[in-house]
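The values are calculated or read from the model by the stated rules, or taken from the named source; none is laboratory data. Keep in mind the model is a prediction, meaning the values are calculated, not measured. Here Cβ is always computed from backbone atoms with ideal geometry, including for glycine, and neighbour counts include all displayed protein chains.
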Amino acid sequence: MKKLRRTMLFVPANNPNMIMNAPVFKPDCIIFDLEDAISLKEKDSARDLLVEALKTFEYCNCEIFARVNPLYTPFGKDDVRELVKAGLRNVRLPMSETDEDIKNLDVLLTEIEKDLGIDRGTVKILGAIETAKGVINAEKIAVASSRMLGISFGAEDFTRTIGSERSREGEELFVARCKIVLAAAAAGIDAIDTVYADIEDEEGFEREAQSARKLGFAGKSVIHPRQIGVVHSIFTPSKEEVYRALRVISAIQEAEAKGLGVIALDGKMIDGPIVDKAERIVTLAKGAGLL
Ligand SMILES: CC(C)(COP(=O)(O)OP(=O)(O)OC[C@H]1O[C@@H](n2cnc3c(N)ncnc32)[C@H](O)[C@@H]1OP(=O)(O)O)[C@@H](O)C(=O)NCCC(=O)NCCSC(=O)C[C@@](O)(CC(=O)O)C(=O)O
Ligand SMILES: [Mg+2]
């Protein structure tokens with residue numbers, strides 16, 4: 001069954017309380033962060049804490065990621081090595097700017113998998129695109145390795161690299177968002193939208209999440225438990241959508257039995273792409289436990 005990645009909750013890896021409590025809030029995914037949420041002084045101790053947490057806790061219903069430091073920093077390679085040894089199976093690579101960045105991680109993972117005696121390709125990659133160069137190269141990044149399960153957008157760093165400020169309306173992000181969604185869709189992987197830093201601005205957050213779903217993102221990175229419910233309700237098909245999708249599928253099955261490929265349902269045309277979209281709604285509904 002398709003894994004739902006509606007929410008990816010960032011959890012600073014130096015915070016034992018948050019590390020322990022994160023699954024209680026039921027995000028689809030948790031990203032333990034060793035990059036920007038961790039100061040230089042704490043990079044090693046946060047990694048040690050996360051290694052212990054991965055060995056100790058069962059995060060049964062959440063997909064676990066770690067955002068490691070970029071491989072060109074003094075911490076990145078050790079982050080990957082130690083965490084994979086401790087059981088990590090999904091690496092979020094920040095500052096993915098070129099296909100080379102992904103390929104370098106792929107090579108390192110292959111080495112580690114060999115050392116650990118686990119199958120090549122076990123560890124997956126989510127490439128975080130958060131610079132102008134990364135956005136330009138999104139298509140190549142998305143297909144740089146068979147390990148790719150998705151690409152994500154990081155708007156705070158992105159606006160820094162284009163010399164802009166992040167606005168509430170987000171016009172400055174529109175082109176990058178579209179490019180990331182297209183690159184992911186063409187590669188057959190998930191696109192994950194960026195975080196919204198103002199945890200008090202519920203209205204702005206909801207509007208941004210709505211817009212991300214419309215653009216084609218599979219989900220959104222979040223920084224606070226309060227943001228999870230909002231994203232889940234937006235990225236989970238409504239009862240009406242599911243009901244309509246089931247009717248579309250049933251109507252086309254009846255039509256096909258009569259040798260028809262296109263029909264009308266409630267005055268609207270139903271053909272191949274519309275059926276595919278209905279099937280996607282049903283898949284999402286099943287993933288969310290609605291069916
Ligand atoms: C913002 C704040 C400090 C507020 O904390 P506060 O404690 O004031 O919040 P409160 O409301 O008091 O919390 C109530 C209760 O919830 C618990 N609780 C809160 N947050 C929780 C959580 N995340 N996980 C589990 N538990 C949590 C808390 O422990 C408390 O539990 P308890 O004490 O038991 O009652 C906190 O949320 C937080 O640290 N967030 C994550 C920040 C982070 O990781 N940033 C880096 C990633 S973005 C980035 O880097 C940009 C990017 O790279 C993005 C890209 O690439 O995508 C780009 O470029 O755009
Ligand atoms: Mg960033």
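So the values come out like this:
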| quantity | calculated |
| --- | --- |
| Within the range 10-54, tally of residues that are of a type in the set (A, V, I, L, M) and either surrounded by fewer than 16 Cβ atoms within 10 Å (Cβ to Cβ) or more than 16 Å from ligand 2 (Cβ to nearest atom) (or both) | 13 |
| Selection count where residues are out of contact with any Lys or Arg (no Cβ under 7 Å at 6 or more places or on another chain) and away from ligand 1 (no atom under 13 Å from the Cβ), scope the range 178-195 | 11 |
| Tally, over the range 196-222, of residues that are within 13 Å of the chain's Cα centre (by Cα) and either surrounded by fewer than 21 Cβ atoms within 10 Å (Cβ to Cβ) or not assigned by the TED database to the domain that holds Gly134 (or both) | 2 |
| Complete set of residues in the range 153-197 that are outside any helix (DSSP H, G or I) and touching a Pro at 6+ places or on another chain (Cβ under 9 Å) | Gly154 |
| Qualifying helices (runs of 4 or more DSSP H) (wholly inside the range 226-291; at least 1 residues being within 21 Å of the chain's Cα centre (by Cα) and surrounded by 14 or more Cβ atoms within 10 Å (Cβ to Cβ)) | 226-235, 272-287 |
| Unique match (being surrounded by 15 or more Cβ atoms within 10 Å (Cβ to Cβ) and either farther than 19 Å from Val230 by Cα or more than 15 Å from ligand 1 (Cβ to nearest atom) (or both)) among Glu111, Glu172 | Glu172 |
| Entirely in the range 1-86, the strands (runs of 3 or more DSSP E) that have 1 or more residues that are of a type in the set (Asp, Glu) and closer than 18 Å to Val123 by Cα | 29-33, 63-67 |
